[in-house]
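A.B. asks: Here's a structure for you.
The values are calculated or read from the model by the stated rules, or taken from the named source; none is laboratory data. The model shown is predicted, which means the values in this text are computed figures rather than measured ones. We place every Cβ from the backbone using ideal geometry, glycine too, and count neighbours over all the protein chains shown.
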Amino acid sequence: MTTAPRIEPFTPPADPAQLADLRARLRATRWPDAPDGAGWSLGTDADYLRGLVTYWAEEFDWAADLAAQARLPRFTADVGGRDVRFVHVRAAEGSRGALPLLLAHGWPDSSWRYRKVVPLLTDPGAHGGDPADAFDVVVPDMPGYGWSPAPRDRLLSSIDVAALYAELMGALGYDRFGTAGGDIGSHVSRYLALDHPDRVVAVHRTDGGVPVWAGDLAELAAEEREWFAAAAAWGATEGAYAAMHRTRPQTAAFGLTDSPVGLAAWIIEKLRAWSDCGGDVERSYAKDEILALITEYWVTGTIGSSMRMYHANGAIDPVQLSRRVEVPSGFALFPGDLLRPPRAWLERTTNLVHVSEPPRGGHFAAFEEPELYAAELREFFRPYRPAAG
C-alpha cells in the first residue's frame, strides 16, 4: 500500500544573522577593475552593479519581501523521498470548472517567475477577466532551486523533475491538469506531456528549447535550418554560462556561493540580456524585484545546485530529445525571448494547436508582462477545462 505524501504549510524562514552577514559582505566587496566605457560589453556593467549593491546593502528590505511571499500559500511535500516546496492557490470561491495548472520555472529563477500571475490566474474576475477562466495554480520550486532543498544523492534532470511533479499533482488530488513553462520549465512541461499524456490535458510553452535534430539537416525546412544556424551563433557568443553549468558547475559554485556580488553579477547579466528591456534592466524589473530573486538565491545557497541541473540535462539520452509531443501544445513567442523557433519546427516536434506572438515581453514573460501572459494562458487552456468537456 502506497502512503500519500506528507503535505504541510511552509513559511520561508527569516534569519537576521544571515542578513547581517550578507550586508557585511556587500560592504566589504573587493571590486575588479573594468576598462573605461566597457558598460555591458564584457559582461555585467561595473557602475550599474556598484549602485545596485549599495542599495542592496543599505535599503533593500528582505523582511518586506518575505511578507509579500507569505501572501501566496506555500507548502512542503515529501515527494518520492524529496522535500519539494511549492505555492498552491485554489481558484477564487465560486469559480466553476477550474483547471488545475502546474507552472514550471527555469534558470536563473524559481517560483519568483510566477509571483505576479498567480492572482491573475486564480481570480481572473477580480482582474478584468472572465471568472470562468480561473485555475487552481501550483508553482513548485525545482529541487535545488528557491526554497526546495538540493538533492544530495544524485543530480536530477528535467525528466526526473517532471516525474516528481506528476506525483505532486496526484498527491494534491489532480488526476488531470495543464502545464506551462519556460526555459528549463519548458523542458519539464514537455516531459510531463511526453511521459504522462493520460494526465496532461494540454501543454503551453514560451520557447521550443535548444534545437536538436538527429537526422540530416537537409530534411528540414529552410526556416528551420536558419534557426539552427542562429542557435549555433548564439551559443558561440552568449552560451559560455551554459557550457560552464553543463561541464564544471561546481567550480563556479565556490565563488558564487561565497560572494553575493559575484552571485548578483551572474544573475543580473542574464535578466538584462534575456528580457525585453531595451538594455535598461530596470525597465522590466524594479530594484526590489531584482534583489528579491538574488537574495533568495543567496539565503538558500542554491546557485550551485541550480547550475548542476544543466549537467544532468546534458546527460539525457538524445532519443528523449527527439520525441514528439502528442498532447495538444501551444506556444507564446515573446519578442524579447531567445532563439524563437519557426512554426515549421513547432509543427514537427509537437501536436501544435496554438501559436501567438505577444507584442511585448522576453524570457521571463510571466514576470515582465504578467497581464499578457495570464491572458495567453486563459485563452489557450479554455477548450481543455473540465466544464468544456
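A.B. asks: Going residue by residue through region 66-87, is there one that turns out to be of a type outside the set (Gly, Ala, Ser), under 22 Å from the mean Cα position of the chain (by Cα), closer than 26 Å to Val118 by Cβ and in a helix (DSSP H, G or I)?
C.D. replies: Within region 66-87, one or more residues are of a type outside the set (Gly, Ala, Ser), under 22 Å from the mean Cα position of the chain (by Cα), closer than 26 Å to Val118 by Cβ and in a helix (DSSP H, G or I).
A.B. asks: When both residues are 6+ apart or on different chains and their Cβ atoms are under 8 Å apart, which pairs have a first residue that lies in region 89-112 and is free of Cβ contacts under 8 Å to residues at least 24 places away in the same chain, and a second that is buried (at least 24 other Cβ atoms within 10 Å of the Cβ) and part of a loop (DSSP other than H, G, I, E, B)?
C.D. replies: From region 89-112, no pairs qualify.
A.B. asks: Would you check if Ala63 is among the hydrophobic types (A, V, I, L, M, F, W, C) and either closer than 16 Å to Arg272 by Cβ or not in a loop (DSSP other than H, G, I, E, B) (or both)?
C.D. replies: Spelling it out, Ala63 is indeed among the hydrophobic types (A, V, I, L, M, F, W, C) and either closer than 16 Å to Arg272 by Cβ or not in a loop (DSSP other than H, G, I, E, B) (or both).
A.B. asks: When you look at Glu238, is it closer than 20 Å to Tyr55 by Cα and either in contact (Cβ under 8 Å) with a residue 12 or more places away in the chain or not hydrophobic (A, V, I, L, M, F, W, C) (or both), yes or no?
C.D. replies: no
A.B. asks: Can you tell me which residue within region 88-121, out of those that are in a loop (DSSP other than H, G, I, E, B) and among the aliphatic types (A, V, I, L, M), is nearest to Met307 (Cα to Cα)?
C.D. replies: Per the stated criteria, the residue is Val117.
A.B. asks: Being of a type in the set (D, E, K, R), more than 23 Å from Gln69 (Cα to Cα) and assigned to a helix (DSSP H, G or I) is the filter here, so list the residues in region 271-293 that pass it.
C.D. replies: Arg272
A.B. asks: For residues that are within 24 Å of Gly178 (Cβ to Cβ) and in a strand (DSSP E or B), tally how many sit in region 331-345.
C.D. replies: Residues meeting the conditions: 2.
A.B. asks: As an exercise: evaluate Trp213 against (1) of a type in the set (Phe, Trp, Tyr); (2) modelled with pLDDT of 95 or more; (3) in a loop (DSSP other than H, G, I, E, B) and give the number of the one condition it does not meet.
C.D. replies: Tallying (1) of a type in the set (Phe, Trp, Tyr); (2) modelled with pLDDT of 95 or more; (3) in a loop (DSSP other than H, G, I, E, B), Trp213 fails exactly one: (2).
A.B. asks: On to the next question. Can you find a residue that is under 16 Å from the mean Cα position of the chain (by Cα) and either assigned to a loop (DSSP other than H, G, I, E, B) or among the aliphatic types (A, V, I, L, M) (or both) anywhere in region 294-301?
C.D. replies: Checked region 294-301: at least one residue is under 16 Å from the mean Cα position of the chain (by Cα) and either assigned to a loop (DSSP other than H, G, I, E, B) or among the aliphatic types (A, V, I, L, M) (or both).
A.B. asks: OK, next. For region 122-132, give me each residue that is farther than 13 Å from Glu93 by Cα and either of a type in the set (S, T, N, Q) or not in a loop (DSSP other than H, G, I, E, B) (or both).
C.D. replies: Selection gives His127 alone.
A.B. asks: I've got another one for you. Pairs please, first residue from region 246-264 and more than 19 Å from Phe60 (Cβ to Cβ), second anywhere and in a helix (DSSP H, G or I) and among the hydroxyl-bearing types (Ser, Thr, Tyr), Cβ atoms under 7 Å, 6+ apart in sequence or on different chains.
C.D. replies: Between residues of region 246-264 that are more than 19 Å from Phe60 (Cβ to Cβ) and residues that are in a helix (DSSP H, G or I) and among the hydroxyl-bearing types (Ser, Thr, Tyr), the close pairs are Arg246/Tyr310; Pro249/Tyr310.
A.B. asks: Select from region 240-290 the residues that are of a type in the set (Asp, Glu) and under 17 Å from the mean Cα position of the chain (by Cα) and list them in ascending order.
C.D. replies: Result: Glu269, Asp276, Glu289.
Yes/no matrix, rows are residues, columns are (1) of a type outside the set (D, E, K, R); (2) surrounded by 12 or more Cβ atoms within 10 Å (Cβ to Cβ):
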residue: Ala28; (1), (2): yes, no
residue: Pro32; (1), (2): yes, no
residue: Asp45; (1), (2): no, yes
residue: Glu59; (1), (2): no, no
residue: Ala70; (1), (2): yes, no
residue: Gly81; (1), (2): yes, no
residue: Leu101; (1), (2): yes, yes
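A.B. asks: A follow-up question, please. Show the residue pairs that are 6+ apart or on different chains and have beta-carbon atoms under 8 Å apart, the first residue being within region 197-221 and closer than 14 Å to Ala344 by Cβ, the second being polar (S, T, N, Q).
C.D. replies: Cβ pairs passing all conditions: Gly208/Ser186; Gly208/Thr349; Trp213/Ser322.
A.B. asks: Something else now. What number goes with the only condition from (1) touching a strand residue (DSSP E or B) at 6+ places or on another chain (Cβ under 8 Å); (2) outside any strand (DSSP E or B) that Ala180 does not pass?
C.D. replies: Status for Ala180: all satisfied but (2).
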